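Enquirer: Okay, here's the structure, questions in a sec.
Taken together, the values in this text are just the output of simple stated rules run on the coordinates, not laboratory data. Here the structure is a predicted model, which is why all the values come from computation and not from measurement. Because the Cβ atoms are built from the backbone with ideal geometry, glycine has one as well, and the counts that use them run over all protein chains shown.
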Amino acid sequence: MTTSWTVLRVLRDRTAGLLLTGVVVSGFGTSSLWLASGVWVKDLTGSDGLAALCMLAMWAPTLAGPALGTLADRFRRKPLLITVSLALAALLPTLFAVDSPGRLWLLFAVLCGYGAAGVVHDAAESALVTAAVGPDLRGDFNGLRMSANEGMKLVAPLTGAGLYAAFGGPAVACLDAVTFVLAAGLCALVRVPEERPARSGVGWWRETTEGVRHLWGHPGLRPLVRAGGTTMLLASLGSTTVYAVVDRLGHSPAYAGVLYAVQGAGSVVAGLVSGPALRRLGGRRFAAAGIALTAAGVAARAVPSDPVALVAGAAVGLGLPCVLIAALTAVQDETPGPLLGRVTATAHTLMFTPNVAGLAVGAGLVGLAGPGLLLPVYGLGLLLTAVALAAQRAPSASRTAARSRSDANPA
């Protein structure tokens, strides 16, 4: 009943409903292209390594998140979102030229540009949500946004794979382009007053460091973002053992798809319940509880049992998004509007870059030790992260307010 009321509260708000629908539409196209690009490269080259580089090309711009997020603070957010969406829609049809291994550079260039635009888009969207959605709805909105994204990951890759099999990669690129046009149209319907941001005159680098200083110096944000980055690192280390886990269970590698689907379903549920849970527990306790649940799920995967593996996957899916939702909501609540784009992008960099490092390191470790040893170690690391976060003292209201005023009016 509470979950249904949460969904209705968000969808009854016209602005929140439009923004959430835009997330669903563009997320469908992105998830479709994510899978199809790897298959496309594999078909043209036969190389698993080059196919894996597609994901790296899309993630790499996250490293420049603080600088790219500054762009979202130099322009009004709604026009910027529309411009970025239409620019991506215009860029994607260039993939029609990718018809041989010699032109794969174009695909990787587009994917890298796609990732950079995504960083700017997410930063501007977070700032627009803060301006357009009231504080009482932000936790619900961020949770439903997570549910929408995870739901698209369950449905869209199958659509992209089917479209690729029938018509090839360019057809998937066109589908993605259409979703960005639709998302731009939905954003254009959003009614939110925005003033043109005043230029600080201190230069790009100084503006970027202001956002980094606010995030890392804020006593409420730093612990959440740091715990989010640690959680993503350990969870990604654990995810590299999935095929070894499947092998211990006696299944073919395709069974990994079942485990991923169960985890995705757990993440959808997490997004639906996160709004009420955030209000009841507060950001730190909600995040710590999610990390502890993730720890239990990661460690339980070491047990060679099908039922345990399925329950463990659902636990990881349910627990992992909690710290991300709590951190993003806290960033929106505790950051002055003029800094919000670059602070959001910096938080994303600190939380999601460890995911890439974990995948790289974990792939090497799983060849040296089996999941029976690695997964309990990763689970213990997650449990210690949860305990450390829960033990953090909440910052006083006066200290937080003073910090926000200082960052909103830099000397």
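Enquirer: For V192, list long-range residues whose amide hydrogen, built 1.01 Å from N in the peptide plane, is under 5 Å from its own amide hydrogen.
Expert: none
Enquirer: Further question: Relative contact order of the chain, please, whole-number percent, based on alpha carbon pairs below 8 angstrom and at least 6 residues apart.
Expert: Once normalised by length, the contact order is 26 percent.
Enquirer: Using the Cα centre of the chain as the reference point, and only Cβ charges (+1 on K/R, -1 on D/E), how large is the resulting charge dipole? Debye, rounded to the nearest 20.
Expert: Dipole magnitude for the chain comes out near 1160 debye.
Enquirer: If packing is taken as the mean number of other Cβ atoms within 10 Å per residue, what is the order of 117-123, 318-324, 104-110, highest first?
Expert: 318-324, 117-123, 104-110
Enquirer: What nm distance separates the two modelled labels at L380 and R191, each placed 7 Å from Cα along Cα→Cβ?
Expert: Those two pseudo-labels are separated by 5.9 nm.
Enquirer: OK, next. Given a Förster distance of 25 Å, report the FRET efficiency between L365 and A166 from their Cβ-Cβ distance, rounded to the nearest 0.05.
Expert: Efficiency computed from Cβ-Cβ geometry: 0.05.
Enquirer: Further, regarding this structure: Hey, what's the Kirkwood Rh for the range 313-360 if you take every pair of different alpha carbons, in angstrom?
Expert: 12.0 Å
Enquirer: Going highest first, how would you order 77-85, 57-65 by mean Cβ packing within 10 Å?
Expert: 77-85, 57-65
Enquirer: I would also like to ask the following. Assign unit charges at the C-beta atoms only (+1 for Lys and Arg, -1 for Asp and Glu), then state the dipole size of the range 164-244 relative to its Cα centre in Debye, rounded to the nearest 20.
Expert: The dipole magnitude comes to about 280 debye.
Enquirer: Return the whole-Å distance between the Cα centroid of the range 203-263 and the Cα centroid of the range 310-348.
Expert: 11 Å
Enquirer: OK, next. Once fully extended, how much extra length lies between L154 and A390, figured as 0.36 nm per residue of separation less the alpha-carbon to alpha-carbon distance?
Expert: 81.8 nm
Enquirer: Sticking with this structure for a sec: Would you calculate a helix-derived [θ] at 222 nm for the chain, using -39,500 (n - 2.57) for each DSSP H run of n ≥ 4 and dividing by the full residue count, to the nearest 500?
Expert: -28000 deg cm²/dmol
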